[in-house]
């Protein structure tokens with residue numbers, strides 16, 4: 001048994017789906033501009049993604065920061081690997097690096 005049940009849940013979430021976004025709110029009703037940007041980028045590139053609303057779960061909200069050693073939300077994971085937050089995802093999208101990563105992972109054309 002793990003010492004941290006929240007980490008166990010996070011591992012389960014990031015391994016269950018190919019693209020996972022931990023965000024504030026939902027893609028339909030984002031409750032943070034940064035979460036909205038990342039959600040829109042993923043929608044624009046046309047990759048299916050699963051989201052987890054950290055505002056509904058305090059343990060998840062705090063645990064994800066410790067899990068990734070990244071202090072802010074949103075957080076994007078692709079194939080179980082932490083990609084980054086809003087600025088990183090936006091920069092990767094603008095440079096084409098995000099689309100390339102998704103192609104390499106077999107998630108986009």
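Please treat every number below as a calculation from the coordinates, not as lab data. This is a predicted model, so every value here is computed, not measured. Note that we place each Cβ from the backbone using ideal geometry, even for glycine, and neighbour counts take in every protein chain shown.
Table for the structure above
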| item | result |
| --- | --- |
| Segment 5-104: relative contact order as a whole-number percent, Cα under 8 Å and 6+ apart | 33 |
| Debye-sum result for segment 5-104 in log10 I(q)/I(0), which assumes one identical scatterer on each alpha carbon, at q = 0.14, 0.22 Å⁻¹ | -0.45, -1.16 |
| Quotient of Cα Rg and 2.2 N^0.38 Å for segment 59-109, N being how many residues it contains | 1.22 |
| For the chain, calculated [θ]222 nm from helices alone, where every DSSP H run of n ≥ 4 adds -39500 (n - 2.57) | -15000 deg cm²/dmol |
| Paramagnetic reach from residue 66 (point 7 Å along Cα→Cβ, amide N under 14 Å) across segment 1-24 | 2-11 |
| Rounded to 5, the percent of DSSP beta bridges in segment 5-104 classed as antiparallel | 65 |
